[in-house]
Amino acid sequence: MKNGYLHNHISHAVERAFRQAGGEVRREYPVNVCGRPGRIDLRVDFPFWPIACEVESTPRRVLWDIEKARAAAAKFLLILTPTASVAKCCRDTILPYEEQDRLGPLGVFVLPLGALPEWIEEYLPLISPSFALAKINPSGKQKN
């Protein structure tokens, strides 16, 4: 996340989106994978599920992203890409890893940045009960 205009631009947009959704966001979250240091672009903590978020412009590092997310004890890994075609290449890279059942309990989502608002709206309530509760005000009525 330290280098690259596109990478940093996407990371800032993602950070804003998750903060607006009520998550606690930490940049460059340090991890140790079998003695090898690494950093997760964004770690987003909700009361029930930690999410590791990586921004990738190619599929080259996605398997390393999975290892970092597992080392950080994240429940979900969200890999964001600049385009849908890059997202597809990343999913194709992950598929054999997934088929070998090497993901364990880690849920992996790969999507282009433009799909993030929809993902937050549709999937975050399913994976984080705290998000769903945050949309209900004290009187019990649903917020708009």
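The requirement of being among the small types (G, A, S) and in contact (Cβ under 8 Å) with a residue 24 or more places away in the chain is satisfied by A69. Listed by position, the helices (runs of 4 or more DSSP H) contained in region 65-142 that have at least 3 residues being at pLDDT 80 or above are 84-99, 116-122.
Taking the conditions exactly as written (crowded, with 16+ Cβ neighbours inside 10 Å and free of Cβ contacts under 8 Å to residues at least 60 places away in the same chain), does L63 satisfy them or not? In short, no. Scanning region 1-51 for residues that are out of contact with any strand residue (DSSP E or B) (no Cβ under 9 Å at 6 or more places or on another chain), modelled with pLDDT of 85 or more and either small (G, A, S) or crowded, with 19+ Cβ neighbours inside 10 Å (or both) gives a single hit, G35.
The values are calculated or read from the model by the stated rules, or taken from the named source; none is laboratory data. Remember, it's a predicted structure, so these values are computed and weren't measured experimentally. Cβ sites come from the backbone with ideal geometry, for glycine too, and all protein chains shown count toward neighbours.
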